[in-house]
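S.K.: Please find one structure pasted underneath; my questions will follow.
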Amino acid sequence: MKKIAVLTSGGDAPGMNAAIRAVVRTTIYNGCEAVGIKRGYAGLIDGDFTKLDLGSVADIIQRGGTFLHTARSEEFMTKEGKEEALESIRIHKIDGLVVVGGDGSFRGARELCELNVPVIGVPATIDNDIFGTDLTIGFDTAVNTALDAINRIRDTATSHERIFLIEVMGRNSGWLALEAGLAGGAESILVPETPVDYETIVKRLQRGLDRGKRHSIILVAEGVGSAFDVKRKIQELADYDIRVTVLGHTLRGGTPSATDRIIASKMGAFAVNLLLDGKTDLMAGMVGNHVVGIPLQEIIGKKKGIDEYVHNLAGILAI
Ligand code: F6P
């Protein structure tokens, strides 16, 4: 293997730059050439390649986003798109590819593997919804960003004696809401994995009010629906004054946490070593404290459930 390329695809996640840096430096350390592909699969189709040397990944480990940029490419889903991508790989003499992204990006990775391109996936998404890995790059930072917002909102919620609904991203997964809510002491955490019981939410709020509690914070995972709809449904049952904050894309930005930089560095380096060992069609995932290679076909499309124990615990601790 002489030339290894890396691309970032799907929604960006803090720590992607640390993963690119690890891929590039491990590649060069092993005497190979490193290539960056801009704008994910879209850049692969367009042949938007750039040679990366040791210096080109200096000063990026602390930056959010991805300096290679990212995209969700519809074109790559087509037969023609894949043929063009394959042609770019051939022209640029790419021997192996590291795809940093989420489930959708890994589907693309698998398709390339089936066309005999050696590919390794590195899981990166703030949603932490990829089966087979305990953690995805970006999740820890997003939890901490949400936590910072919860802390700030709690200050004003306490001063004004208000109920706040805080909506967080996560697509169809409740991981981000769950961990931010547990860490932030949320009174209720609404996740798409568990049916929302509005009677119970109101009972909990009323129980708090009855014991003199004058403010409450409820985390709403976007997969449950809009927090404004949740507000309306609660107000159909009780006449509470409720404010809504949607954190949205703020959760995707910011300097990556130490955890995200560390797992990104480990996974990126591991992915290159897998390629150098002649492996393909795997994800470099975190299991316990170790990075392991997991077949992409075992993880794609599988639902990674939330930790029900933690969800129950959050409910008990917010009693
Ligand atoms: O998958 C990451 C994510 O941020 C989800 O949490 C969210 O639902 C989605 O991407 C938003 O995508 P976009 O940036 O395209 O609006």
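The values are calculated or read from the model by the stated rules, or taken from the named source; none is laboratory data. Keep in mind that this is a model prediction, so the values were computed, not measured. Cβ sites come from the backbone with ideal geometry, for glycine too, and all protein chains shown count toward neighbours. Each accessible area value is taken on the protein alone, full model and side chains, heavy atoms only, with ligands, DNA and RNA left out. Shrake-Rupley method; radii C 1.70, N 1.55, O 1.52, S 1.80 Å.
S.K.: Any chance you could check the Cα centroid distance between segment 1-24 and segment 149-167 for me, in angstrom?
M.R.: Distance between centres, Cα-based: 37 Å.
S.K.: May I ask for the angle, rounded to the nearest 10°, between helix 16-29 and the longest principal axis of the chain, with both axes built from Cα atoms and the value confined to 0 to 90°?
M.R.: Once rounded, one gets 30 degrees.
S.K.: Grab segment 154-280 and count how many Lys pairs have their alpha-carbon atoms under 29 Å apart, sequence gap of 8 or more, or different chains.
M.R.: Lysine pairs meeting both conditions in segment 154-280 amount to 6.
S.K.: Could you work out the relative contact order of the chain? I mean the mean sequence separation of Cα pairs under 8 Å and 6+ apart, divided by the number of residues, in percent. The partial results should precede the final answer.
M.R.: On the way: 727 pairs, mean separation 76.1, N = 319.
24 percent.
S.K.: Also, quick follow-up: Could you pull out every residue, at least 5 positions away or on a different chain, whose amide H is within less than 5 Å of the one on residue 52? Hs are placed 1.01 Å off N in the peptide plane, and Pro or chain starts have none.
M.R.: 34, 35, 36
S.K.: With +1 assigned to the C-beta of every Lys and Arg and -1 to the C-beta of every Asp and Glu, and no other charges, what is the dipole magnitude of segment 140-252 about the Cα centre in debye, to the nearest 20?
M.R.: Computed charge dipole of segment 140-252: roughly 240 debye.
S.K.: Okay, moving on. Using helices alone, I'd like the mean residue ellipticity at 222 nm for the chain: each DSSP H run of four-plus residues gives -39500 (n - 2.57), total over residue count, nearest 500.
M.R.: Using -39500 (n - 2.57) per qualifying helix, the result is -13000 deg cm²/dmol.
S.K.: In addition: So what is the accessible area of segment 265-319 per residue, in Å², with the probe set to 1.4 Å?
M.R.: With all protein chains present, segment 265-319 gives 51 Å² per residue.
S.K.: Spin-label point model (7 Å from Cα, Cβ direction): what's the residue 161 to residue 232 distance in nm?
M.R.: In this crude spin-label approximation the distance works out to 2.9 nm.
S.K.: How large, in percent, is the carbon and sulfur part of the accessible surface of the chain at a probe radius of 1.4 Å?
M.R.: The nonpolar share, carbon plus sulfur, comes to 51 percent.
S.K.: At what distance in nm do the modelled label points of residue 292 and residue 134 sit from each other, each positioned 7 Å from its Cα along Cα→Cβ?
M.R.: Placing both labels 7 Å along Cα→Cβ, they lie 1.1 nm apart.
S.K.: Mind telling me which of 286, 77, 267 comes out most flexible in a GNM of the chain, alpha-carbon contacts under 10 Å?
M.R.: It is 77.
S.K.: How would you order 146-155, 99-108 from highest to lowest mean count of nearby Cβ atoms within 10 Å?
M.R.: For the peptides 146-155, 99-108, the packing ranking is 99-108, 146-155.
S.K.: Connecting C-alpha atoms closer than 10 Å in a GNM of the chain, tell me which of 200, 66, 255 has the biggest fluctuation.
M.R.: In this elastic network of the chain, the residue with the biggest mean-square fluctuation among 200, 66, 255 is 200.
S.K.: Per-residue counts of other Cβ atoms within 10 Å, averaged by peptide: what ranking do you get for 78-87, 18-27, 217-226, highest first?
M.R.: By packing density, highest mean first, the sequence is 18-27, 217-226, 78-87.
S.K.: Okay, next question. Hey, can you rank 272-282, 1-11, 53-63 by average C-beta count inside 10 Å, highest first?
M.R.: Output ranking for 272-282, 1-11, 53-63: 1-11, 272-282, 53-63.
S.K.: When only C-alpha pairs under 8 Å and at least 6 residues apart count, what is the relative contact order of segment 140-252, in percent?
M.R.: Details: 188 pairs, mean separation 46.2, N = 113.
Relative contact order comes out at 41 percent.
S.K.: While we're on this one: How far is helix 79-91 tilted off the main Cα axis of the chain, in degrees rounded to 10, range 0 to 90?
M.R.: The two axes meet at around 50 degrees.
S.K.: Defining a contact as two alpha carbons under 8 Å apart and six or more residues distant in sequence, what relative contact order in percent does segment 25-81 show?
M.R.: For segment 25-81, the relative contact order is 37 percent.
S.K.: Could you give the size of the charge dipole of the chain about its Cα centre, using +1 on the Cβ of each K and R and -1 on the Cβ of each D and E, expressed in debye and rounded to the nearest 20?
M.R.: In total the dipole reaches around 520 debye.
S.K.: Counting heavy atoms of the protein chains only and a 1.4 Å probe, report the per residue accessible area for segment 1-80 as a whole number of Å².
M.R.: I get 43 Å² per residue for this part.
S.K.: Tell me the angle of helix 227-237 to the major Cα principal axis of the chain, expressed in degrees between 0 and 90 and rounded to the nearest ten.
M.R.: In the chain, helix 227-237 runs at an angle near 20 degrees to the longest axis.
S.K.: Skip the ligands, DNA and RNA, and give the accessible area per residue of segment 140-252 with a 1.4 Å probe, whole Å².
M.R.: For segment 140-252, the per-residue accessible area is 46 Å².
S.K.: Next up: Calculate the length of the line joining the C-alpha centroid of segment 244-314 to that of segment 214-231, in whole Å.
M.R.: Measuring centre to centre over Cα atoms gives 26 Å.
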